[in-house]
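The values are calculated or read from the model by the stated rules, or taken from the named source; none is laboratory data. Please read these numbers as outputs of a predicted model, since none were measured by experiment. Reconstructed Cβ throughout: ideal geometry from the backbone, glycine too, with neighbour counts over all protein chains shown.
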Amino acid sequence: MPRNPASFSPLWAADVHADRRPILLARGRVVTALRAWFASQEFVEVDTGTLRISPGNETHLHAFATMLMTTDGKPSPLYLRTSPEFACKKLLAAGERRIVEFAKVFRNRERGALHHPEFTLIEWYRVGEPYDVLMADCAAILREAARAVGTGQLTFRGCCTDPFAAPERLTVAQAFAHFVGIDLLATLPDGAADRESLARAAHTAGIRIAENDRWADIFSRVLVERIEPNLGIGRATVLDEYPAVLSALARPAGDARVAERFELYVCGVELANGFGEMTEAAEQRRRLEGEMAEKERIYGERYPVDDDFIAALARMPQASGIALGLDRLAMLATGASHIEQVLWTPLDDPME
């Protein structure tokens, strides 16, 4: 829960820590159970570097920048990673087949009930296996987390999900049609985003949009306001086949307008993001450069593309990969309402 330093004791106060400790110990049991599960599936646990030349190249992800001083005193810019993805894919190119990392990652401009600037992702990859297998992995992980804390349901702010029930699988287009009455694919003729058609559909559905909203902005507003609150209620939801224009790191699906990308929702909370991984190096560079051009347009900054990653991608075999928010999973398993409740040492400047 948010803490106001004017009215609350610090987290290191013995009585405050004693109140928090049961949830923190429960988080530890979840971690132990998941490590054992990944080991049983013959995953190799890796530990990749946190300082990177490129932190990641998604338009709306913001990194923490730092500076490396070389031995001759020259500055060289580096970033704290927003994800271990690029490093993990280099290991796939090197010959690893199944890897998992419990990765500390860092994202700027993110703070709230479900966001903390430093958090933990569980990221895992399967070489030569379809991305549908990741959906089965997610179902198993929900069960393992629930068993680890001895609960029969995952909860968040009054919403409940049965972790032992089979997840429903819903395409993004089906969700837009069912919850909002929008034919999403009609706004993607030949895979290109038609801003005006989606804007008209959103207006008809009573969703307010701004004049300068682009297709992706409108999509996100519809998803957040009308669709996400309905997902993962009662049982988990796999929201599948995201538009290709929003899936820079995923390979195309059978319908080129959509990609092999899904997100896992539990209690209305986005928990994981999975892909059939893009392995076409030239196309991947083009997409990442496009993401950075859009970032520069919106935020006035861009991050370098990791040339070493692009080179490795040319040698990487077909694979599927996914990142799952460990802290959010711990929240759902323990019934916590704020991410700081499941962090042993959140930032010292608490949310007010």
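Listed by first and then second residue, the pairs with beta-carbon distance under 8 Å, at least 6 apart or on different chains, first residue in region 215-228 and surrounded by 16 or more Cβ atoms within 10 Å (Cβ to Cβ), second of a type in the set (Lys, Arg) and part of a helix (DSSP H, G or I), are 215/195; 218/195. Given the structure, is residue 86 modelled with pLDDT of 95 or more and more than 19 Å from the chain's Cα centre (by Cα)? For residue 86, the condition - modelled with pLDDT of 95 or more and more than 19 Å from the chain's Cα centre (by Cα) - is not met. Of everything in region 245-258 that is part of a strand (DSSP E or B) and over 16 Å from the mean Cα position of the chain (by Cα), the residue that is surrounded by the most Cβ atoms within 10 Å (Cβ to Cβ) is 258.
Restricted to region 167-198, and to residues that are within 21 Å of the chain's Cα centre (by Cα) and either free of Cβ contacts under 8 Å to residues at least 60 places away in the same chain or in a loop (DSSP other than H, G, I, E, B) (or both), which residue is nearest to residue 223 (Cα to Cα)?
Of region 167-198, the ones within 21 Å of the chain's Cα centre (by Cα) are 167-173, 175-176.
Add one more test, that the residue is either free of Cβ contacts under 8 Å to residues at least 60 places away in the same chain or in a loop (DSSP other than H, G, I, E, B) (or both), and what stays is 167, 176.
On the way: 167: 19, 176: 8 Å.
Ranking the qualifying residues of region 167-198, first place goes to 176.
Taking the numbered list (1) farther than 23 Å from residue 262 by Cα; (2) crowded, with 21+ Cβ neighbours inside 10 Å in turn, residue 322 passes all entries but (1). Summed over region 292-338, the residues that are closer than 30 Å to residue 150 by Cβ and part of a loop (DSSP other than H, G, I, E, B) give a count of 4. Among residues of region 42-62 that are charged (D, E, K, R), those with a Cβ under 6 angstrom from a residue that is at pLDDT 95 or above and in a loop (DSSP other than H, G, I, E, B), sequence gap 6+ or separate chain, pair up as 52/81.
Annotation note: of 110, 96, 129, the sole residue that is in a loop (DSSP other than H, G, I, E, B), modelled with pLDDT under 95 and of a type outside the set (Phe, Trp, Tyr) is 110.
If you take the residues of region 278-309 that are touching a strand residue (DSSP E or B) at 6+ places or on another chain (Cβ under 8 Å), surrounded by 13 or more Cβ atoms within 10 Å (Cβ to Cβ) and of a type outside the set (Val, Ile, Thr), which of them is nearest to residue 122 (Cα to Cα)?
So, considering only residues that are touching a strand residue (DSSP E or B) at 6+ places or on another chain (Cβ under 8 Å), surrounded by 13 or more Cβ atoms within 10 Å (Cβ to Cβ) and of a type outside the set (Val, Ile, Thr), the one nearest to residue 122 (Cα to Cα) is 278.
When residues of region 210-221 are filtered for being more than 16 Å from residue 258 (Cβ to Cβ) and within 25 Å of the chain's Cα centre (by Cα), how many remain? Spell out the reasoning first.
In the first step, residues of region 210-221 are kept if they are more than 16 Å from residue 258 (Cβ to Cβ); the result is 210-214, 217-218, 220-221.
Next cut, within 25 Å of the chain's Cα centre (by Cα) only: 213-214, 217-218, 220-221.
Residues that pass the stated criteria total 6.
In this structure, does residue 275 turn out to be part of a helix (DSSP H, G or I) and crowded, with 23+ Cβ neighbours inside 10 Å? Criteria not met by residue 275. Kindly indicate which of 22, 55 is within 18 Å of the chain's Cα centre (by Cα), modelled with pLDDT of 95 or more and either not in a helix (DSSP H, G or I) or not aliphatic (A, V, I, L, M) (or both). It is 55. Identify the residue in region 153-165 that is part of a loop (DSSP other than H, G, I, E, B) and out of contact with any helix residue (DSSP H, G or I) (no Cβ under 7 Å at 6 or more places or on another chain) and, among all such residues, is surrounded by the fewest Cβ atoms within 10 Å (Cβ to Cβ). So, considering only residues that are part of a loop (DSSP other than H, G, I, E, B) and out of contact with any helix residue (DSSP H, G or I) (no Cβ under 7 Å at 6 or more places or on another chain), the one surrounded by the fewest Cβ atoms within 10 Å (Cβ to Cβ) is 158. In this structure, residue 329 does not satisfy being closer than 26 Å to residue 128 by Cβ and either of a type outside the set (Val, Ile, Thr) or crowded, with 20+ Cβ neighbours inside 10 Å (or both).
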